[in-house]
C-alpha cells in the first residue's frame, strides 16, 4: 500500500478518497425510478421480469415455502448451524440489554412517552458473490427483540431460482416470518408499495448495492428506512505496541469486501508502517480473493504517518468511518476524543471480523461519513415513540399565559383563544 507522511498530506488523500458510496448518479437513479414505477404499476409480473433481467433466472414462485425453510435448517452442516445459533443468541442478548436500557415507557401524570414496535419491516440481505447469513441475523434478530410484528426477508436468488440453504436456515434462526427470492431495487419497491405476493411494510432495512441504496432513498417518505449503506470502511489507528501481522490481517479482511472498500492505517510509527506493508504483501499471497483485495488496496488503501494519536483521531473524526480501531497503548483513555464512528474497537483483540459475526452488536453500520449523524442498526430502528400529554389545570394556569402570548405573536388567534378559554374557565 502507499505510505503517506504528515497530517496535511494524509488529510488531502483521505479527502480525495471520498469514503463511502456516491449516490449522485443521475443515470442509475433514473433507472431505479423506472424500476420502482414498474413494480408499482405491474406488481408481481414486474418482479418476475426484473429478476430474470438482472439475476438471470426466471422464478416459478415469489415466496419460499415454510417447509423448505425448515428443511434447510436441518440439512445445513451441524457445525455451521451451531455457529449461527451462537451468533443469534449473542445478538439477541446484546439487544435485549439495550432494550431494557433504552426502550422504557414513561406515562402518567404530566408529560411522558410510550414506545411501540413497528407493525412490519422488510429486510434486504445482499447476495454479492456468496450468501451472507450474518446479515440476516444482524437485522432480523434486533427487530424481533424490539417486538416487530412481521419480518419479511428479501434477498437475490441463485441461478436455480432459490435461496441458499444457509440463508434460509439463518432466517429461521432469526425469527423471519416470510422469505422472498427477490433482491435489488425491485425488492425495495415491492416492500415499500406491496404487490400481489409481497406485503407492504412500515420500514425497509438492511444493506445492498448502489441500486438498493438509491431505491431506499427514493421510496423514503412512503416507507421508513434505516439508512443508506455504501462500501465498507475501516480506519486503524496504531502505535509501536501494535502487532503488524494483526494490523495487516484486519486491513485485508476489510479489503476483501471489494474494490469499493476502504482499508486505512494511521500510525505514529514509521517502523510499524513498513512492517505492516510487508505483512500485507506476505498475507495477500495466500488469500483466495487476493485479486479483489489487491484492487481494493490499490484504489482506496493507505498507510498514513502522523505525529500523534490525537492527530490520527482528528482525521478519523473528520471522515467518520464505519469501523474505527484504536490499537494503541491504553486505548480506553482516547474514547472521549472519538466523536464519529460507526463502531469503535479498543485494542488489538477487539477485531472487526468478530463483530461481523458473533460479538453481539449489529454489523449494519453507517458508512460514507454518515456516522457523523447516524448510529448502528439497533433497537430504536424498530420502534417509534408516541408522546403522551396528561397536563392538569395547574399546568394550564402555570403555562397558559406564555402559550397564548406566543400564539398571538404567530397570528394564530384560534390557538390563543383555545388556551384563554381554559384560563377563563379555571378562574
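What's the whole-number percent of alpha carbon pairs in the range 175-242 lying beyond 19 angstrom? It would help to have the intermediate numbers written out before the result.
Values: 928 of 2278 pairs.
Here the long-distance tail beyond 19 Å is 41 percent of all Cα pairs in the range 175-242.
Could you work out the relative contact order of the range 26-225? I mean the mean sequence separation of Cα pairs under 8 Å and 6+ apart, divided by the number of residues, in percent.
Relative contact order for the range 26-225 comes out at 28 percent.
For the chain, what is the Kirkwood hydrodynamic radius in Å, using each pair of distinct C-alpha atoms?
Radius from the Kirkwood sum: 23.8 Å.
Divide, for the range 307-424, the radius of gyration over alpha carbons by 2.2 N^0.38 Å, where N is the residue count.
It is 1.80.
Quick one: what do you get for the range 26-225 if you divide its Cα Rg by 2.2 N^0.38 Å?
It is 1.06.
For a footprinting-style exposure proxy, rank 14, 86 by other Cβ within 10 Å, fewest first.
86, 14
Please arrange 145, 57 by counting, for each residue, the other beta carbons lying within 10 Å of its beta carbon, fewest first. Working shown, then result.
Numbers: 145 23, 57 16.
Fewest-to-most Cβ neighbours within 10 Å comes out as 57, 145.
Quick one: plug the Kirkwood hydrodynamic radius of the range 143-299 (C-alpha pairs) into Stokes-Einstein at 4 °C, 1.567 mPa s, and report D in µm²/s.
71
To check my understanding: the extent here is largest minus smallest coordinate of the Cα atoms along each principal axis. What are those three numbers for the range 63-148, in Å, largest first?
Cα spread of the range 63-148 along its principal axes, largest to smallest: 55, 27, 26 Å.
Which of these, 49, 25, 226, has the largest mean-square fluctuation under a Gaussian network model of the chain (Cα springs below 10 Å)?
25
Can you give the helix-only mean residue ellipticity at 222 nm for the chain, where every DSSP H stretch with n ≥ 4 adds -39500 (n - 2.57) and the sum goes over all residues, rounded to the nearest 500 deg cm²/dmol?
Taken over the chain, the calculation gives -15000 deg cm²/dmol.
How much of the pair distance distribution for the range 1-77 lies past 16 Å, counting alpha-carbon pairs only, in percent? Please report the intermediate quantities before stating the final value.
Values: 2140 of 2926 pairs.
Taking all Cα-Cα pairs of the range 1-77, the fraction more than 16 Å apart is 73 percent.
What's the Kirkwood radius of the range 128-193 in Å, using all Cα pairs?
Computed over the range 128-193, the radius equals 12.2 Å.
Based on other C-beta atoms within 10 Å, arrange 104, 422 from fewest to most.
Values: 104 10, 422 16.
Ranked by crowding around the Cβ, least crowded first: 104, 422.
What is the spread of the Cα atoms of the range 249-305 along each of their three principal axes, largest first, in whole Å?
The Cα atoms of the range 249-305 stretch 30, 21, 15 Å along their principal axes.
Out of all DSSP beta bridges with both ends in the chain, state the antiparallel percent to the nearest 5.
Percent antiparallel among DSSP bridges in the chain is about 20.
Sort out for me the Cα centre separation of the range 171-208 from the range 97-162, rounded to whole Å.
Cα centroid to Cα centroid, the span is 12 Å.
Given the options 28, 172, 397, state which has the largest fluctuation in a GNM of the chain using a 10 Å cut-off (strictly under) for Cα springs.
Checking each option, the largest mean-square fluctuation is seen for 397.
Give the separation of the Cα centroids, the range 272-301 to the range 316-340, in Å.
The distance from the Cα centre of the range 272-301 to that of the range 316-340 comes to 23 Å.
No lab work stands behind these numbers, since they all come straight from the coordinates. Note that the structure is predicted; figures quoted are calculated from it, not measured. Quick reminder, even Gly has a Cβ in these numbers, built from the backbone with ideal geometry, and neighbours come from all protein chains shown.
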